[in-house]
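Visitor: After the structure tokens below, expect a handful of questions from me.
The values are calculated or read from the model by the stated rules, or taken from the named source; none is laboratory data. It should be emphasised that the depicted structure is a prediction, and the values quoted were computed from it without experimental measurement. With ideal geometry, Cβ positions are generated from the backbone for all residues, glycine too; neighbour counts draw on all protein chains shown. Keep in mind that these areas ignore ligands, DNA and RNA; they rest on the heavy atoms of the full protein, side chains included. Shrake-Rupley method; radii C 1.70, N 1.55, O 1.52, S 1.80 Å.
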Amino acid sequence: MAIHAMTMKQPSRKKRRRARRRFVVLTTISVILGIVAATTIAFVVNLPDALVISQLSQKSNVYATRSDGSPELLASFYDQNRVEVTSDAISQFVKDAATSGEDPGFYQHGGVDVMGTLTGLVATLVTGSTRGGSSITQQYVKNVLVQKCESLGDPTKRTTCYDAATATTPDRKLKEMSLAIGLEKEYSKEDILRQYLNITGFGGSVYGIEAAASYYFNTTAATLTLPQAASLVAIVNNPLKFQLDDPQSTTNGDANGYAANKERRDYILDQMLQYTKITQKDHDAAIKAPIQPTITEPSTGCQTAGGSAYFCDLVLNTLRNDPTFGADDTTRLANFRRGGYNVYTTLDPDLQAAAEKTMKENVPATYPGWDVAGVITSVQVGTGRVLGMSQNKDYSQDPAVQSTGANYTGVNYNTDIGQGGSSGFQPGSTYKVFTLAEWLKEGHALNERVDSRQTSNWGTFQDSCKGPQNYGTSFNPKNDLSNETGTNYSALESTVESHNTGYFGLAKKLDLCAIRKTAESFGVHRADGGALQQGASSVIGTNEISPLTLAAAYAGIANNGVTCSPVVIDKITGPSGPIAVPKSTCTQSVDPSVDAGMTHALQKVLTSGTATDSYRNTSPKVPMIGKTGTTDGNKDTWMSGASTKVATVVGVLSVSGYIDQRTTYFASGQAATARHRMWPAVMSVANAKYGGDPFAEASTMVIQGVQVPIPDLRGKTMDDAKSALEADGFSFADGGSTSSTRPVGTVARTDPAGGTSASRGAVVTVYSSSGPPATAPAEPPKGSDKPTPTEAPRGVDTPTPTPTPVPPGVDKKTPTPVPGAVGPPQS
């Protein structure tokens, strides 16, 4: 026996090595099991009872709504490009590829692949690095823990959390196993697989199978083909190695047919065949199929909204200021980017398209020596819903992009500085409507006349907030055209033809502080957040305000004096259901009777005043109101107006640089009249879509006021004439001397003439006689009714020279503000 034993064949060296490896593995496993047993006693008390699953980070979308009710995507926002989908929206090919390639025993184990996990533990202890072996449920647990880390705002806390969730330690693996087992007790296999496919990363910022299908193959998770599904699941194993968006890669690019991904894909297809998930025929066809990604970059940020980008920017600023989304603007924006919200805005794609088209046709993005801003804003009357917003620049918040050309800006010239906008622009004569409102509120009439003579000494203006204001001889505003020489324009005439001196005459009879408060009642405020200035110059538009503020105010005028604050969001839905949105607040700015007087005058601005070009070019026509505005030197031009359904404000404005728009021409025509080409283009679409109703009729009292006969004062002394006029409720104005046969120093004539009627409070200009002209004609026979050539018939006003008509579409410019009369200079 001994000899026989000695002659037995010895094991080969290869077998001996294999035996030693088995011994090492078994010994190591035994050691691990011992470690597990020992560690578990101390560790188990620290294990959580169950995995707390938070909402996945998903992209949020901003939509407009088309006329047929369907949504139109404007932009998406995300930290992780993910769209969570239900199980029935995921192709069965994807589910089978995931289980076959990542966890063949998924449907049999209780959450942990024991042998795979032990193998992974051995590798972790021996090599110090993690190895595969985790089940799909374990992988899902790890992804959930990492996802929670990603949601932390503090970078230090986020890094600490991530390190703990991915640590290569037995403790971390045990925790993962424990949570996986607990998870399987709470959720079905189908639900765990769905959540896994929604949370897992597919390279870069692409997370979840729906986003991966869209990004890599421009399709949906439900419609992925077998080879596409296998290629996407292949990425999960090692995203950096297997992702398909680098066609220049030498190891996994277009030139070699994405070789690395194909090798992993084909392994998954083999596994699917082995576990009878697919037929041999389907397997062979999929193996032969080339990998042909169609990379489809998702829209991200407002720059992808094209011409609607500035409206999108306002939506984003609205969300950033909404406490619904967090305690501060940084937290709110982060929550929005991760929250999976769908924001349905007020934007009307039809009006927006019209605004974008006419803007592109009429105002260039850049002009030599002039930083020009073209703006268009439309607001729905009665709701405050912003229907359109456009400007002539290209949107970008990236300084690097902005530095490439003056056509780029991130500033929204339509909005306040606190809404991502500018510090505002002087609205010129479009602001006169608020003085008109105060005039009618105080019981004055549209046909009531005031002293409208140009003068360098306007005397004292009343101001109940700051006390009487007197600007001395430095305040010398002028009308736009030299032939505007009327001395006593009515409020209606001053509005229709935009006479500056007429409006200062109105302001002299009013309270400057009350005018400011009336403007504020229409929601008017400075774009820079400061208080409205109320000096005399502010009457004709020297406060810098935003186009959106002006549009909302004109919508209030068109709404029987009820002004609604602007809103840009109709509804928001989130993963948990509807979210409350900021609501418009509507307030009665002026009494409807006052508002009827305003709309009476503002309709005539369109039909027979300074805005006839806009009216003529609008089709179809509905009842509309409007007012033009031009600032000093013609550097800003405006057209503001509304139907009873839609208000639109158009401006061609100067951001920097000085240029006279009346001597400047764009490709489409004169810069100063671009507003009258753009406003009709938008309002024509608005009228066709929304229609329009008649405005309320103004009462006779509002139009005419109390009519009082003007006494015949000819031949009376100037003092007696003044006393008589004031006793009848008129204001006296000394018109100077004129040649007449009346005695020198006595009244020669009045304007309006004696015997006519005028509204109580109207200014009557009295002219004294300087004696007959040098070659006076003979007196008519005694008793004759024929008047002398230099004297008007009793009761008939001597006509003043007929002014040259104002060119259509040209209004009166705002004079340069005077120190002491108005606040900070125009920006």
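Visitor: Quick one: accessible area per residue over region 391-506, 1.4 Å probe, rounded to a whole number of Å²?
Guide: Dividing the accessible area of region 391-506 by its residue count gives 35 Å².
Visitor: Which whole-angstrom value gives the distance between the alpha carbon centres of region 521-583 and region 704-740?
Guide: Measuring centre to centre over Cα atoms gives 45 Å.
Visitor: Can you list residues from other chains, or at least 5 along the same chain, whose modelled amide H is less than 5 Å from the amide H of Phe666?
Guide: Ala671
Visitor: Straight-line reach from Lys441: which lysines have a Cα under 27 Å away, not including same-chain ones fewer than 8 places off?
Guide: Lys432, Lys466, Lys478, Lys508, Lys509, Lys517, Lys604, Lys627, Lys645, Lys812, Lys813
Visitor: Also, quick follow-up: Per-residue HN-Hα couplings for region 139-144, Karplus 6.51 cos²θ - 1.76 cosθ + 1.60 at θ = phi - 60°, whole Hz, x for Gly and Pro?
Guide: So the J values, rounded to whole Hz, are 4, 5, 4, 4, 4, 5.
Visitor: Quick check: the distance between the Cα centres of region 373-436 and region 609-631, to the nearest angstrom?
Guide: Using only Cα atoms to place each centre, the spacing works out to 21 Å.
Visitor: Over region 685-761, what percent of the accessible surface lies on carbon and sulfur atoms, probe 1.4 Å?
Guide: Exposed carbon and sulfur together represent 50 percent of the surface.
Visitor: Related question: Could you pull out every residue, at least 5 positions away or on a different chain, whose amide H is within less than 5 Å of the one on Thr300? Hs are placed 1.01 Å off N in the peptide plane, and Pro or chain starts have none.
Guide: The answer is Ser76.
Visitor: Could you work out what % of the accessible surface of region 304-350 is carbon and sulfur, using a 1.4 angstrom probe and leaving DNA, RNA and ligands out of the count?
Guide: 45 percent
Visitor: May I ask you to list the lysines whose Cα is less than 21 Å away from that of Lys281, ignoring any residue fewer than eight positions away on the same chain?
Guide: Straight-line reach from Lys281, under 21 Å: Lys95, Lys262.
Visitor: Continuing with the same structure: Taking the alpha-carbon distance from Lys393 and a cut-off under 25 Å, which lysines remain once sequence neighbours fewer than 8 residues away in the same chain are dropped?
Guide: Lys393 reaches Lys357, Lys360, Lys635.
Visitor: Something else: Hey, what do the phi angles of region 586-594 turn into as Karplus ³J(HN,Hα) couplings, whole Hz, using 6.51/-1.76/1.60 and θ = phi - 60°, x for Gly and Pro?
Guide: Along region 586-594, the couplings run 10, 9, 7, 6, 9, 4, x, 5, 5 Hz.
Visitor: In region 649-777, with Lys and Arg counted as +1 and Asp and Glu as -1 at Cβ, which of these residues, Ala774, Val655, Thr741, has the Cα nearest the positive end of the dipole, that is, farthest along it?
Guide: Looking along the dipole axis, the top candidate is Val655.
Visitor: Could you rank Val685, Val375, Val744 by how accessible they are, 1.4 Å probe, largest area first?
Guide: Descending accessible area places them as Val744, Val685, Val375.
Visitor: Where the centre of each part is set by its Cα atoms, how far does region 163-179 sit from region 293-355, in angstrom?
Guide: 38 Å
Visitor: When the solvent-accessible surface of protein heavy atoms is calculated with a 1.4 angstrom probe, in what order do Lys621, Lys148, Lys432, Lys288 fall, highest first?
Guide: Lys288, Lys621, Lys148, Lys432
Visitor: Given H placed on each backbone N at 1.01 Å, which residues far from Gln58 in sequence or on other chains put an amide H within less than 5 Å of it?
Guide: Counting only residues 5 or more places away or on other chains, the set is Gly339, Gly340.
Visitor: Let me ask another. At a 1.4 Å probe, what is the % contribution of carbon and sulfur to the accessible area of region 458-562?
Guide: Roughly 49 percent of what the probe reaches on region 458-562 is carbon or sulfur.
Visitor: Which ³J(HN,Hα) values in Hz, rounded to whole numbers, follow from the phi angles of region 740-752 under the Karplus curve 6.51 cos²θ - 1.76 cosθ + 1.60, where θ = phi - 60° and Gly and Pro get x?
Guide: Here the 3J(HN,Hα) series is 6, 7, 5, x, 4, x, 8, 6, 8, 6, 10, 9, x Hz.
Visitor: Compute, for Thr738, the solvent-accessible surface of its heavy atoms (probe 1.4 Å) with the complete set of protein chains present, and express it in square angstrom to the nearest 10.
Guide: Around 40 Å² of this residue is reachable by solvent.
Visitor: Accessible surface of Lys716 in the full protein assembly, 1.4 angstrom probe, to the nearest 10 Å²?
Guide: For Lys716, the solvent-accessible surface is approximately 90 Å².
Visitor: Quote the accessible area belonging to Thr700 in square angstrom, nearest 10, computed with a 1.4 Å probe and with ligands, DNA and RNA left uncounted.
Guide: 100 Å²
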